[in-house]
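The structure under discussion appears below in the form of structure tokens.
The values are calculated or read from the model by the stated rules, or taken from the named source; none is laboratory data. Since this is a predicted model, take the numbers as computed values, not measurements. Cβ sites come from the backbone with ideal geometry, for glycine too, and all protein chains shown count toward neighbours. What goes into the accessible areas is simple: the full protein's heavy atoms, side chains included, and nothing from ligands, DNA or RNA. Shrake-Rupley method; radii C 1.70, N 1.55, O 1.52, S 1.80 Å.
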Amino acid sequence: MYRIGFFNMDLLPKYNRVKSLYEEYYALLKDSNSVKLLPKYESLSKNDYLNQIQTEIEQYDVFFGYDRNFLQARNRFRKNIPAIIPLFADMTMGGMTLWINQNYFKTNDILLFSCKADYAIYKKVCVDCSIRTKIMPLPIGEMFETLQEKKIAVANAFSLLYVGRLTRSKNIHGLLDLCRHLKGHMNFRLVLVGTWDYYIDGREYRIFIEEKV
């Protein structure tokens, strides 16, 4: 049994997809390990908070999560606790936080990338980083099991597949505009797979997209 420190998921917004991924990993790891959440940052100054979590990180065999506070505290107190760092969302923003924090990484850490494209970004922005890496695609959700009986193919047609959050920032409306222009030139079907993100303006965006369709 390992003593695992874990990124505090309460720091993420309620409907954040990354939060749900952390929750799934937390449940899996908790089955056969001792898992403890990193304390939340509250009213303390940054310096006081780092001192507070010193005793916490001394109890870990390994840390799971991408938490700058843990990385800084480990560096300050010269601890060699390895970290497994999943890059669920950082790389889609160009890897900026990864580049900022690369000096806090240690050679016994592991970066988890969900695809080769994210790894390619890492190689460009962190040229001198020698940390271990692993490409581990995200699992397919249970929702696919309920869709397996549905036929989505069209005879002699292409299937254009989008998989991800259904949110304005993903430009679903732009994809629909593109399909409208393609409609007279090729036989195809567009398949959108994902969940609506209600955190910001998801409900209004869903109505907008359904009307557009």
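Taking segment 57-106 only, how many residues are part of a loop (DSSP other than H, G, I, E, B) and of a type in the set (Lys, Arg)?
In the first step, residues of segment 57-106 are kept if they are part of a loop (DSSP other than H, G, I, E, B); the result is 58-61, 65-67, 77-82, 87-89, 94-95, 105-106.
Subsequent filtering for residues that are of a type in the set (Lys, Arg) retains 78-79, 106.
Matching residues across segment 57-106 total 3.
Residues being farther than 30 Å from Val163 by Cβ, among the aromatic types (Phe, Trp, Tyr) and in contact with a Leu (Cβ under 8 Å, 6 or more places away or on another chain): count how many of those fall in segment 69-104. Give the derivation first.
Of the residues in segment 69-104, the ones farther than 30 Å from Val163 by Cβ are 69-82, 103-104.
Checking the rest, the ones that are also among the aromatic types (Phe, Trp, Tyr) come to 70, 77, 104.
Restricting the remaining residues to those that are in contact with a Leu (Cβ under 8 Å, 6 or more places away or on another chain) gives 70, 104.
Summing the residues that are farther than 30 Å from Val163 by Cβ, among the aromatic types (Phe, Trp, Tyr) and in contact with a Leu (Cβ under 8 Å, 6 or more places away or on another chain) in segment 69-104 gives 2.
For Phe88, are the conditions met, namely being in contact with a helix residue (DSSP H, G or I) (Cβ under 8 Å, 6 or more places away or on another chain) and buried (at least 17 other Cβ atoms within 10 Å of the Cβ)?
So Phe88 passes the test.
Filter segment 3-19 down to the residues that are in contact (Cβ under 8 Å) with a residue 60 or more places away in the chain, surrounded by fewer than 13 Cβ atoms within 10 Å (Cβ to Cβ) and not basic (Lys, Arg) and list them by number. Lay out the reasoning, then the answer.
Quick first cut of segment 3-19, residues in contact (Cβ under 8 Å) with a residue 60 or more places away in the chain only: 4-5, 7, 13-18.
So of that shortlist, the ones also surrounded by fewer than 13 Cβ atoms within 10 Å (Cβ to Cβ) come out as 13-14.
Listed by number, the list holds a single entry, Pro13.
Let's see how each residue does on (1) open to solvent by 60 Å² or more (accessible area, probe 1.4 Å); (2) in contact (Cβ under 8 Å) with a residue 24 or more places away in the chain:
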| residue | (1), (2) |
| --- | --- |
| Tyr26 | no, no |
| Ser34 | no, yes |
| Lys46 | yes, no |
| Gln54 | no, no |
| Asp67 | no, yes |
| Arg78 | yes, no |
| Ile81 | no, yes |
| Ile100 | yes, no |
| Thr107 | yes, yes |
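Would you please name the residue that is surrounded by the most Cβ atoms within 10 Å (Cβ to Cβ), looking only at residues in segment 160-213 that are among the β-branched types (Val, Ile, Thr) and in a strand (DSSP E or B)? Don't jump to the end; show me each part of the working.
Just the residues of segment 160-213 that are among the β-branched types (Val, Ile, Thr), to begin with: 163, 167, 172, 191, 193, 195, 200, 207, 209, 213.
Still in the running and in a strand (DSSP E or B): 163, 191, 193.
Numbers: Val163: 12, Val191: 13, Val193: 15.
For segment 160-213, the residue satisfying everything is Val193.
Listed here are the residues, each with its yes/no results for (1) touching a Phe, Trp or Tyr at 6+ places or on another chain (Cβ under 9 Å); (2) more than 17 Å from Ile110 (Cβ to Cβ).
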| residue | (1), (2) |
| --- | --- |
| Leu11 | yes, yes |
| Lys19 | no, yes |
| Tyr22 | yes, no |
| Ser45 | no, yes |
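Do we have Phe113 as crowded, with 18+ Cβ neighbours inside 10 Å, modelled with pLDDT of 90 or more, under 30 Å from Val127 (Cα atoms) and within 18 Å of the chain's Cα centre (by Cα) here? It would help to see each step written out before you state the result.
Numbers: crowded, with 18+ Cβ neighbours inside 10 Å: yes; modelled with pLDDT of 90 or more: yes; under 30 Å from Val127 (Cα atoms): yes; within 18 Å of the chain's Cα centre (by Cα): yes.
For Phe113, the condition - crowded, with 18+ Cβ neighbours inside 10 Å, modelled with pLDDT of 90 or more, under 30 Å from Val127 (Cα atoms) and within 18 Å of the chain's Cα centre (by Cα) - is met.
Only one of Asp201, Asp197, Asp177, Asp118 is at pLDDT 85 or above, among the acidic types (Asp, Glu), touching a helix residue (DSSP H, G or I) at 6+ places or on another chain (Cβ under 9 Å) and farther than 30 Å from Lys79 by Cα; which?
Values: Asp201 fails: at pLDDT 85 or above; Asp197 fails: at pLDDT 85 or above; Asp118 fails: farther than 30 Å from Lys79 by Cα.
Only one candidate qualifies: Asp177.
Among the listed residues Tyr41, Tyr22, which satisfies the condition of being within 29 Å of Asp197 (Cα to Cα) and either open to solvent by less than 30 Å² (accessible area, probe 1.4 Å) or of a type in the set (Asp, Glu) (or both)?
Numbers: Tyr41 fails: either open to solvent by less than 30 Å² (accessible area, probe 1.4 Å) or of a type in the set (Asp, Glu) (or both).
Criteria check complete, one pass: Tyr22.
Tell me whether segment 26-34 contains one or more residues that are among the aromatic types (Phe, Trp, Tyr) and in contact with a strand residue (DSSP E or B) (Cβ under 8 Å, 6 or more places away or on another chain). Reasoning before the result, please.
Step one: filter segment 26-34 for residues among the aromatic types (Phe, Trp, Tyr), giving 26.
Among the residues that remain, those that are also in contact with a strand residue (DSSP E or B) (Cβ under 8 Å, 6 or more places away or on another chain) are: 26.
For segment 26-34, residues among the aromatic types (Phe, Trp, Tyr) and in contact with a strand residue (DSSP E or B) (Cβ under 8 Å, 6 or more places away or on another chain): present.
I'd like to know if segment 39-55 contains one or more residues that are within 30 Å of Pro137 (Cβ to Cβ) and within 20 Å of the chain's Cα centre (by Cα).
So the first thing to find is which residues in segment 39-55 are within 30 Å of Pro137 (Cβ to Cβ), and the list is none.
No; the residues of segment 39-55 include none that is within 30 Å of Pro137 (Cβ to Cβ) and within 20 Å of the chain's Cα centre (by Cα).
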